[in-house]
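Chemist: I have a structure here, written as structure tokens, and I will follow up with some questions on it.
The values are calculated or read from the model by the stated rules, or taken from the named source; none is laboratory data. All figures in this text were calculated on a predicted structure; none of them were measured in a lab. Heads up, the Cβs are rebuilt from the backbone with ideal geometry, glycines too, and the neighbour counts pull from every protein chain shown. SASA here: full protein model, heavy atoms, side chains in, ligands and nucleic acids out. Shrake-Rupley method; radii C 1.70, N 1.55, O 1.52, S 1.80 Å.
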Amino acid sequence: MAGTGINGDCGVHVLYRFDMWDRFRHAAYWWIDAMVAVWLLFTAMLFVVEPLVLHRWLLAQSKLNPEATFKAVEWLHRILLFISLVTVLGAVMGSHGPLLFE
């Protein structure tokens, strides 16, 4: 849990230290918005949704139909991985200047 908080704190510190808040308003810096959205999504899933709701639901579903449950979880992970990879690619391209949407 501490790692996720540290990552968020570091990101906020960089935004504050270099006064980069205005970049949230420009389409060329879409990857900053995407990084925040991915971080919030993973944090919510890991520390809120999974422990409170998803854990019990997945246990019940896996007892009823283990193969379908596994396939559903695998596809959700693939979708999240794809979103994360697009975000990382955008951040790499955009960190050297707004290469997209100039």
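Chemist: Those residues that are without any contact (Cβ under 8 Å) to a residue 40 or more places away in the chain and open to solvent by 80 Å² or more (accessible area, probe 1.4 Å), I need them from the stretch 43-57; list them, please.
Modeler: Leu52, Val53, His55, Arg56, Trp57
Chemist: Scan the stretch 10-42 for residues that are surrounded by 10 or more Cβ atoms within 10 Å (Cβ to Cβ) and not hydrophobic (A, V, I, L, M, F, W, C) and jot them down.
Modeler: Matches in the stretch 10-42: Gly11, His13, Tyr16, Arg23, His26, Tyr29, Asp33.
Chemist: What is the one condition in (1) basic (Lys, Arg); (2) modelled with pLDDT under 90; (3) within 19 Å of the chain's Cα centre (by Cα) that Arg17 does not satisfy?
Modeler: Here Arg17 meets the rest and fails (3).
Chemist: Ok, one more. Does Val86 satisfy being modelled with pLDDT of 90 or more, of a type in the set (A, V, I, L, M), open to solvent by less than 70 Å² (accessible area, probe 1.4 Å) and out of contact with any His (no Cβ under 7 Å at 6 or more places or on another chain)?
Modeler: Spelling it out, Val86 is indeed modelled with pLDDT of 90 or more, of a type in the set (A, V, I, L, M), open to solvent by less than 70 Å² (accessible area, probe 1.4 Å) and out of contact with any His (no Cβ under 7 Å at 6 or more places or on another chain).
Chemist: To continue, here is another question. Which of (1) open to solvent by less than 100 Å² (accessible area, probe 1.4 Å); (2) touching a Leu at 6+ places or on another chain (Cβ under 9 Å); (3) of a type outside the set (Asp, Glu) is the odd one out, the single condition Ala68 does not satisfy?
Modeler: (2)
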